[in-house]
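A short write-up of the structure that comes next.
Here, each number is a calculation from the coordinates, and none is a lab measurement. All figures in this text were calculated on a predicted structure; none of them were measured in a lab. Cβ placement follows ideal geometry from the backbone for every residue including glycine, while neighbour counts extend to all protein chains displayed.
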Amino acid sequence: MKRIIARIIVFVGIGFLASCGSIQEKPDPKPISKPVAGYSIHALYLQYQEWQGVRYQRGGLSQRGIDCSGFVHVTFKSRFGLHLPRTTHMQARAGREIRKDELKPGDLVFFRTGPASNHVGIYLEKNKFLHASEKKGVMISRLDHVYWKSNYWKSIRI
């Protein structure tokens, strides 16, 4: 019985580590085949319409609950046919870093939200980005909002 409980605890712990934050994963052997920048912003807004308000769930990958890096992962796979890494840590290393003033639809925006946690979203246009918020679920926010502006880390173009 103790072994079963120990295994359950390990399994649950691993599930929590798979969220937006700090777990490291091995690079995916599947290469990212084409850039997303310049793709239809319409596809990103369609994704938003489908997912708007879906609640945040650490480690989630479905419309029953999703975290920020999971939302990026699912969006790129379903809308652009690209396989991005699952975690924020690996997504931050998936493309080339660009300046904030170079952002185009489909670029990834990253934020440092705590001592050991990060957050990721997908740039839309006009200072807006799409992401899975811990408090409000899938939503659109503004980069110039005081919270996001003060926690901005970097941007990546896939």
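Net charge in the neighbourhood of F71 (other residues with Cβ under 14 Å of its Cβ; Lys, Arg +1, Asp, Glu -1) is +4.
If the chain between R64 and S133 were fully stretched, how many nm would it gain, using 0.36 nm times the residue separation less the Cα-Cα distance?
Stretched fully, the R64-S133 segment lengthens by 23.4 nm.
Among 92-100, 126-134, 68-76, sorting by the average number of other beta carbon atoms lying within 10 angstrom of each residue, highest first, gives 68-76, 126-134, 92-100. Residues in the stretch 144-158 carry Karplus couplings, in order, of 8, 4, 3, 5, 5, 4, 6, 10, 4, 10, 6, 10, 10, 9, 7 Hz; the curve used is 6.51 cos²θ - 1.76 cosθ + 1.60 with θ = phi - 60°, and Gly or Pro positions show x.
Classify the stretch 61-147 from the C-alpha gyration tensor, please: rounded if a/c falls under 1.5, else prolate or oblate depending on whether a/b exceeds b/c.
Because its axes are fairly even, with a/c under 1.5, the stretch 61-147 counts as rounded.
Each Lys or Arg adds one and each Asp or Glu takes one away; over the other residues whose Cβ falls under 13 Å from the Cβ of G60, this sums to +2. Packing, taken as the mean count of other beta carbons within 10 Å per residue, orders the peptides 46-54, 107-115 from highest to lowest as 107-115, 46-54. Note on the stretch 49-117: with charges restricted to the Cβ of Lys and Arg (+1) and Asp and Glu (-1), its dipole about the Cα centre is near 160 debye.
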